[in-house]
Every structure is written in C-alpha cells, then in structure tokens.
Amino acid sequence: MKKQIADLEFEPLIESAAIDNRIQAIGKQLNTDYQHTIPVFVGVLNGSFLFIADIIKQIDIPCEITFTKLASYYGGTKSSLKIRDDIDFSVDIKGRDVVVIEDIVDTGNTAHYLLEKLKLKQPATIALCSLLLKPAALLKPIEELKYIGFEIENEFVVGYGLDYKEMGRNLKDIYKRVK
Ligand code: IMP
C-alpha cells in the first residue's frame, strides 16, 4: 500500500517480518563474534532508535550501550556533506571493543566522520553495523562495516526509524520513494 509523507509518495520495500529475521541473524553473529569480551554498542540517533532497540534485545552476552547523535540530512532527501554533531561522546572506550549501530550508510560521510572521531579515543577494535547500505551511493569503502542488514538501491527510504522531514519514523516497514 502506498503512503503519502509530506509532498512525497512511498511504496513498501522491506516488510517488518524480514527486518526481524535479519536482525535475529545479525544478533546471533554479534553474540558469537563478541563472546569473549564486553562490547560497547554506540547507537547513532535519531534514525537508528528502533534498530538499536531491536538488535540489542538479541544480544545475550554482557554488553554496554551508549548513544551519540549525528545528522547529515537536514530533513531533505539528499545527503549533505555537512555533519551536525549534537552530543559530545563522553564514554571511555579506550581499549574496548566498540560496535557502532547506524540506520543507513548512504554516501558514508557520517560513518567515516564518527569512526574517525571514535578511533581517536583508542578503542581496541571498532566495527560498524548498519541496517541499510546503498552501495551505489558509497563514496569510499568503509573497512569497519562488518554487519549489514540489507543492501538497497540508491533510492530514498523511510520507516523503521528513518524519516522524511522528521515524519515516517514510526512506520513498521521500510518504504521507498516513488514520486
Ligand atoms: P551518509 O552520511 O550520506 O552516509 O548519510 C547517513 C545519514 O543520512 C543516515 O544516518 C540517515 O540519517 C540519513 N539518510 C541517508 N539515506 C537516507 C534515506 O534514504 N532516508 C532517510 N535518511 C537517510
């Protein structure tokens, strides 16, 4: 079923059951990969708030969770090169195994920015887990991108935390722009 959000029209792309299945699989992988340590999950708000909550429920090893807030979109449909960094990251991650949880990697600018910022704090390891990846939009490879929910076309999507003009975050499924 099509959805109108502000001035744009969207149609379903990934249903919530498929999102749940994929999250269970990624959760299992994280439990295995980090079984010998206590990872620090860094959730990147706002877009990943549902993904963070759902993935963290799959984690059954001891872990810590913290948040940061970045934005590069300013409510439109094109990624801007300028990144707004709203929360100063204060958790001590020196020597820790860090897993960054992102909603979507588009150009990769936001991920590169955050990863470089976190690396200055000398974590033992750092990995990126993103629900969505638009391979055709990625400007340069991200070595740390180890966990990917779904690869999608270079199209604008909303739902499951992702917004258009701050709307659509509440939708259970992910929708792509048609008009
Ligand atoms: P990047 O810096 O270009 O990789 O963009 C990353 C950020 O832009 C994400 O964390 C999202 O907040 C936003 N973004 C990128 N693509 C989309 C999209 O298709 N829909 C909604 N937000 C998006």
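The values are calculated or read from the model by the stated rules, or taken from the named source; none is laboratory data. From a predicted model like this one, the values you see are computed outputs, not experimental measurements. All Cβ positions, glycine included, derive from the backbone under ideal geometry; neighbour counts span all protein chains shown. The protein model used for the area step is the full one, side chains on, heavy atoms only, and it has no ligands, DNA or RNA in it. Shrake-Rupley method; radii C 1.70, N 1.55, O 1.52, S 1.80 Å.
The C-beta contact set for the stretch 101-120 (first residue farther than 20 Å from Tyr160 by Cβ and within 8 Å of the ligand (Cβ to nearest atom), second residue of a type in the set (Ser, Thr, Tyr) and at pLDDT below 95, distance under 6 angstrom, 6+ apart or interchain) comprises Thr107/Ser79.
Across the stretch 151-170, the number of residues qualifying as within 12 Å of the ligand (Cβ to nearest atom) and open to solvent by 20 Å² or more (accessible area, probe 1.4 Å) comes to 9. Restricting to the stretch 133-150, give me the number of residues that are open to solvent by less than 90 Å² (accessible area, probe 1.4 Å) and either of a type in the set (Val, Ile, Thr) or in contact with a Ser or Thr (Cβ under 8 Å, 6 or more places away or on another chain) (or both). The qualifying residues number 7. Among the residues of the stretch 70-110, those identified as modelled with pLDDT of 80 or more, polar (S, T, N, Q) and open to solvent by less than 30 Å² (accessible area, probe 1.4 Å) are Thr107, Thr110. Going by what's in this entry, would Val178 be described as among the β-branched types (Val, Ile, Thr) and either within 17 Å of Ile19 (Cβ to Cβ) or surrounded by 17 or more Cβ atoms within 10 Å (Cβ to Cβ) (or both)? The answer is no for Val178.
If you filter the stretch 100-136 down to residues that are small (Gly, Ala, Ser) and out of contact with any Gly (no Cβ under 8 Å at 6 or more places or on another chain), you find that the one that is nearest to Leu30 (Cα to Cα) is Ala127. When Ala124 is tested against (1) buried (at least 16 other Cβ atoms within 10 Å of the Cβ); (2) at pLDDT 95 or above; (3) more than 23 Å from Asp7 (Cβ to Cβ), just one condition goes unmet, and that condition is (1).
Looking at the stretch 1-77, what strands (runs of 3 or more DSSP E) fall wholly within it and have at least 2 residues that are within 17 Å of Ile152 (Cβ to Cβ)?
Here the list reads 8-14.
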